[in-house]
Amino acid sequence: MNDGSYLTFAIANRWVERLLYVYPVCPWSDYERRRKEAFRESPRDLSCILFKDQNPASGAIQLRHLDDKGFLNASMGGTVTPIKVEPEVPFFLTPANRFLHNGFTHMILAHSEKYCPPEADNLIPVIREYFYDAYGAFDTFDRFTQNPR
């Protein structure tokens, strides 16, 4: 999750009112065996610039309108005076081994040519099988499994 991701775009447009961010902590084959294990490590893909006090542990995403100088300063960990501050979005980190399906009704699968190699296309049916077939909650999932390439 960074300043150019689809998720940040959705938050900036105020389409997301809270975010549960599930992140991987070990090889997939180890998840069941390590389900009760506590992982202290945070995900490495979070950009501090997106969070309240520039700290993912703050528990809130707080997007700020910055000029070019402010963005550069914030990117280097400096303090900034934003032009405007967006409303906070509660943010929760959950390691994947501790995540339990809890009745979600929607799932978004991002498919970006910029970030996904063509080989990643093979994962789309695997994801469909895991979520759709396992939980049956995504009646419209088929519309999103079309390969756009």
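The values are calculated or read from the model by the stated rules, or taken from the named source; none is laboratory data. In this text the structure is predicted, and so the values were computed from the model without any measurement. We place every Cβ from the backbone using ideal geometry, glycine too, and count neighbours over all the protein chains shown.
Structure data summary
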{"item": "Scope the range 44-65; condition in a loop (DSSP other than H, G, I, E, B) and either in contact with a Ser or Thr (Cβ under 7 Å, 6 or more places away or on another chain) or under 17 Å from P90 (Cβ atoms) (or both); matching residues", "result": "L46, N55, G59, Q62, L63"}
{"item": "Scan of the range 1-55 for residues that are among the aliphatic types (A, V, I, L, M), within 29 Å of D67 (Cβ to Cβ) and at pLDDT 80 or above, ordered by number", "result": "L7, A10, I11, A12, V16, L19, L46, I49, L50"}
{"item": "Pick from the range 86-126, criterion acidic (D, E) and touching a His at 6+ places or on another chain (Cβ under 9 Å), ranking: modelled with the lowest pLDDT", "result": "D121"}
